[in-house]
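Below: one structure, written as structure tokens.
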Amino acid sequence: MSSLAARNDHLPALLPPVFSDWFAGRGWSVRPHQMAVVEAVEQGNSCLVIAPTGGGKTLAGFLPSLIDLAEQGGGNGLHTLYVSPLKALTIDIKRNLETPVEEMKLKLRLEARTGDTPASRRQRQRRDPPDILLTTPESLALLLSYPDASRIFGNLKFVVADELHALAGTKRGDQLVLGLSRLSRLAPNHQRIGLSATVAEPDKLEGYLGRNGSVTRVIGRGGVKPDIRILVSGERVPWSGHTAKHSFGELYETIRTVDTALVFVNTRSQAELVFQELWRLNDDGMAIALHHGSLSVENRRKVEAAMAKGGLRAVVCTSTLDLGVDWGSVDLVIQIGAPKGISRMLQRIGRSNHRMDEPSRALLVPANRFELLECRAALEAIGEGILDGAPREQGGLDVLAQHILGMAASGPFDPAELYEEVITVPPYGDMTRELFDRVVEYVATGGYSLRAYDKFKRLYPTDDGRLRIANERIAQQFRMNIGTIVEDAKLKVRRKRGRVIGEIEEYFILGLEKGDTFLFAGQVWTLDSIRDMEVLVTQSKSDTPQIPIYGGGKFPPTTNLADILRKILAEPERRKRLPIDVQDWLRMQEYRSVLPRQGELLVETFPRGGKFYMVCYPFEGRPAHQTLGMLLTRRMERQGLGPMGFMCNDYALAIWSLRPVEDPAPLLDEDMLGDDLEEWMADSSLLKRTFRNVGVVAGLIERKHPGKEKSGRQVTFSSDLLYDVLRRYEPDHVLLQATWREASGGLLDVRRLGDMLRRVKGCIVLQKLDRVSPLSVPIMLEISKLIVGGDAADDLLDEAETDLVAEAERML
Amino acid sequence: MLVNGARLQPDVSGGLFWPERSVFVAADLHFEKGSAYARHGSLLPPYDSQATLETLENALARLKPQTVICLGDSFHDAGAGQRMTQEIRDRLRALCSAHQWFWIAGNHDPDPPADLGGTCVESLAIGHLAFRHEPFPGPATGEVCGHLHPCASVAVKGRSLRRRCFASDGARLVMPSFGAYTGGLDVFEDAIAGLFPGGFDVWMVGRDRVREIKGSRLSVPARLARDDAPGKMAASAGKER
């Protein structure tokens, strides 16, 4: 106790006695980074706090406002705005803040506001804002769209932006930062405190907080390096698949030895499967729970509450638990499947053990050999302190369109002024006035060269050259459509004559027939019927459900992770740390073919079963490989090679054809990204899906009308028609441009494909083989699974696996 | 395709050709649907009338019928005629005067614009076929109607493909919608399936041609695959309006 007091003594007297007494009373010391924030704010700066979870980051964010409120008193309108990407987090943070506020007897009002807040309270919050409001980017956008926004935010002193690393580079981040740009106008003197986990490029985050120079960076003390292991099962590492079934026995034994384990997986279906398998093994009757985005909110809250009480031994979860409040009891994080990203992995690992002096513990469980290489790459990256680069530079034009309409809803605006405001924030920093004006024009009239809608304008010019919203109905419509997340249509799943279990994507249900069984919420259900947007189910006695087949996650491995993965193949020294059977596999590959050296792209060709195969290994992730596969088959078609199909995963691409590829280099030239790409993209269903999302966010397609809900399916259908018509008659329309921009970085990953093609130019290594190579076995197995198809194919698959491996390993 | 003895040709445009009588039929053109939405603040691309008209022009130039029947809901609403651009209006007028042209009244356009030419009628009988917008409840041999915008889904290699379609049991025919922005109703909804108590087949409109698919080959949407209380769903599913 005395040492704590001693440390507090030499800190500047910035902390009012009531605070230092409170800290002392709890037996806590103020952490240096918390004091650094108070100091920086005292000097008038904004602050970016970078610290691992559990470092008292949240309190650091709120200390300056609490101190200010304690000294000046509350009740002068909104004083502090807290924005978090998670609704649940706003509630939890509120609860956590209430303790110090009560114990220090601070007189202030603290309230949360999300889409779930009752309308009456939201109205009251507008009329009479609390001192501290905890909210989400969507709710902020809504508040800013009211004509009284300047009154609500006029006295704002602080903005605390939490989990900034998770928002940056996403559409919700764009929305937040556009909202902040408006707050700069409404309350020019407010200061910002951003809270973030460790990131590769903190400069990018500082841009979210203010102009250059005025942001102080505060780095919290990092914890001890995490203790990460890869589970190498006693059985062999599987050649393919995503279930990691081979290691469930050991996984279960591991869970038995810890207090609480968080078991992360990459997809919902995987979560269901792992949960089911663990229950099957659960002879000890351990409390194991399941948590993913499709389960009902009540269900999830129940699990979270049990977790907070320390009543669970393990939770199988998806990214739904990536962020959130700290649970002290978690002492092991398990990642099943490929980690996909270094930062993502660190975020997940950080969910375990929040004591600063002990390492977080994590166990990576790869489901197949390439995933093992990826796990190894993640481990090396973390060891070497390499982080992922920033994901996306350009802000979404659809989000901007939404923002512009929101600003119009709050009052007439001068386009020139709004442009100046918007380009102060990094995602829109390099936007030209011309492009901005096109987005404004889109908002006003639809932006069509055929000026058909001049009489239906949404924005009208006023006498003084500003733009005002046409009528209140447009503003209301806009407020109903706020938000940047476009979800697939979902149906509620209800037990027949019982309660709601959760929600499931409509496209999945459309593929099922009455009587089909599927795994959901940890149990096998039989589809009974669908009525009034609800799926009625009964519990099934069967334990062989029909599960969604899609196995891998939707995210490609990040570029830096892929880079290290390639290095592991290229550098013999790094391979020594791999399990023996994987080392054998790679040695066999060197013997039968080659392992690509750093910077090289390996292309193998071989005949099999009367067809000719070409397999390459770019390691750029499924979306980029999918695009590459589409483009390559088009080119091969033109060369008369008779391509018949292709298959890709995150690591490799295989194409089979009637005639062999003799020279892959010209095929893989980056000029494929010209006309071929244009032509293919035009018809790609992925582009149509992107267009749908862009259209909904930009307000072309309505999410919902006052009084009636449009089902997601209807949106899909009509947006395809809109897309076709728009492409035909106005191919340069700003929403098509927005769609292209988004797809090139997202679903189609053209940008990454382009980088890869440029990188490997002149470094393509061709291996003409007489049969499958060891490295190609995993992707070849996926092909045989595709061709055989369905669930009943497992026996055939086993057979195919034995054959392929034998063929690959045959010495002569 | 045989409907009540008449040999008909479902066309890739979504229209129907009757070579023997040189008749072309197009249902549910919904001209100016885009601008109807624009009036309510959804500024959809204003090219739907143009797209629909071009498809129609191309089909007529290719098939060269003497008679054209627009099977109702040709105009999305009463103001559609006024909102059309002069160019579209002129081109439509040219088509009307080059053919024997019939506008059948629909629920969206009980009173089609008079200044475009053509003859407005409630329904029309030619040979053994009767053309009207909405189907008569109960059996109606020889009826060719629109209104319902039928679509069908078929599962191929694990993918569900959904296209607009013609649906017929050989006695009556329900036509797909022709307009560029028109949505669809699944053929297994009672509003459509109920017209064919003995079952039906469909002709799905693809990109390059129309494909005949047996009714037994189609996927029944799960929400309709149930054995109790038929008829309840259809009312709430409704058709797009």
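Using the Cβ-Cβ distance between B:SER22 and A:ASP676 with R0 = 45 Å, the FRET efficiency computed as 1/(1 + (r/R0)^6) comes to roughly 0.55. Pick out, from A:ALA51, A:GLN639, A:TYR442, the residue whose Cα sits farthest towards the positive end of the charge dipole of chain A, with +1 on the Cβ of Lys and Arg and -1 on the Cβ of Asp and Glu. Positive-end residue among those listed: A:TYR442.
Residues of A:724-733, mean number of Cβ from any other protein chain within 10 Å of their own Cβ, rounded to a whole number?
On the way: counts 4, 11, 3, 1, 6, 7, 3, 0, 0, 1.
Shielding by partners across A:724-733 averages 4.
The fewest-to-most ranking of A:LEU748, A:LEU686 by surrounding Cβ atoms within 10 Å reads A:LEU686, A:LEU748. Each of A:PHE413, B:PHE166 was scored by other Cβ atoms within 10 Å of its Cβ. Listed from fewest to most, they are A:PHE413, B:PHE166.
Can you put A:ASP116, A:ASP437, B:ASP201, B:ASP109 in order of Cβ neighbours within 10 angstrom, beginning with the fewest?
A:ASP116, A:ASP437, B:ASP201, B:ASP109
Note on A:450-457: average number of Cβ atoms from other chains within 10 Å of each residue's Cβ is 6. Computed over the protein assembly as shown, the per-residue total of -39500 (n - 2.57) for DSSP H runs of n ≥ 4 gives a 222 nm mean residue ellipticity of -11500 deg cm²/dmol, rounded to 500.
Among A:302-309, A:623-630, A:589-596, sorting by the average number of other beta carbon atoms lying within 10 angstrom of each residue, highest first, gives A:623-630, A:589-596, A:302-309.
Looking at the range A:630-675, which GluC sites (Glu not before Pro) are DSSP coil and have at most 12 other C-beta atoms within 10 Å of their C-beta? Could the numbers behind the result be given before it?
Values: sites: A:GLU637, A:GLU662, A:GLU670; in loops: A:GLU662.
Those satisfying the criteria are A:GLU662.
Thinking of the range A:575-702 as a set of Cα atoms, what percent of all their pairs are more than 20 Å apart? Numbers along the way, then the final one.
Details: 4520 of 8128 pairs.
I get 56 percent for the Cα pairs in the range A:575-702 exceeding 20 Å.
Determine the dipole magnitude for chain A: charges of +1 sit on the beta-carbon of Lys and Arg, -1 on that of Asp and Glu, nothing else is charged, the reference point is the Cα centre, and the result goes in debye to the nearest 20.
For chain A, the charge dipole is close to 1800 debye.
As a ratio to 2.2 N^0.38 Å, the alpha-carbon radius of gyration computed for the protein assembly as shown takes the value 1.02. For A:LEU602, the residues whose modelled amide H falls within less than 5 Å of its own, excluding neighbours fewer than 5 places apart on the same chain, are A:TYR617, A:VAL765.
Hey, can you rank A:737-745, A:282-290 by average C-beta count inside 10 Å, highest first?
On the way: A:737-745: 21.3, A:282-290: 15.1.
Taking the mean over residues of other Cβ atoms within 10 Å, the ranking is A:737-745, A:282-290.
Peptides B:130-139, A:652-661, A:269-278, A:144-153 ordered by packing proxy, namely the average of other Cβ atoms within 10 Å per residue, highest first: A:269-278, A:652-661, A:144-153, B:130-139.
From largest to smallest, what semi-axes in whole angstrom does chain B give when each is the square root of 5 times an eigenvalue of its alpha carbon gyration tensor? All intermediate terms of the calculation are to be shown ahead of the outcome.
Working: eigenvalues 155, 88, 57 Å².
Value: 28, 21, 17 Å, ordered largest first.
The distance separating the Cα centre of the range B:54-111 from that of the range A:120-180 comes to 51 Å.
Computed across the range A:2-219, the Kirkwood hydrodynamic radius from all distinct Cα-Cα pairs reaches 17.5 Å. Straight-line cross-link partners of B:LYS214 among the aspartates and glutamates, defined as a Cα under 12 Å from its Cα and at least 8 positions apart when in the same chain: B:ASP169, B:ASP201.
A DSSP coil position with no more than 12 other Cβ atoms inside 10 Å describes the following trypsin sites (Lys or Arg not before Pro) in the range A:37-139: A:LYS105, A:LYS107.
The mean number of partner chain beta-carbon atoms within 10 angstrom of a residue's beta-carbon across peptide B:33-43 is 6.
Cross-link pairs exceeding 19 Å in C-alpha to C-alpha distance, out of A:LYS611/A:LYS768; A:LYS204/A:LYS567; A:LYS496/A:LYS541; A:LYS171/A:LYS204; A:LYS87/A:LYS340; A:LYS245/A:LYS309, comprise A:LYS204/A:LYS567; A:LYS87/A:LYS340; A:LYS245/A:LYS309. Run down the aspartates and glutamates and flag those whose C-alpha is under 13 Å from the C-alpha of A:LYS688, throwing out any fewer than 8 positions away in its chain. Candidates past the 8-residue exclusion: A:ASP720, A:ASP724, A:GLU742.
Since every read-out is calculated from the coordinates, none of them should be taken as a lab result. Given the structure is predicted, the values throughout are model-derived calculations rather than measurements. Because the Cβ atoms are built from the backbone with ideal geometry, glycine has one as well, and the counts that use them run over all protein chains shown.
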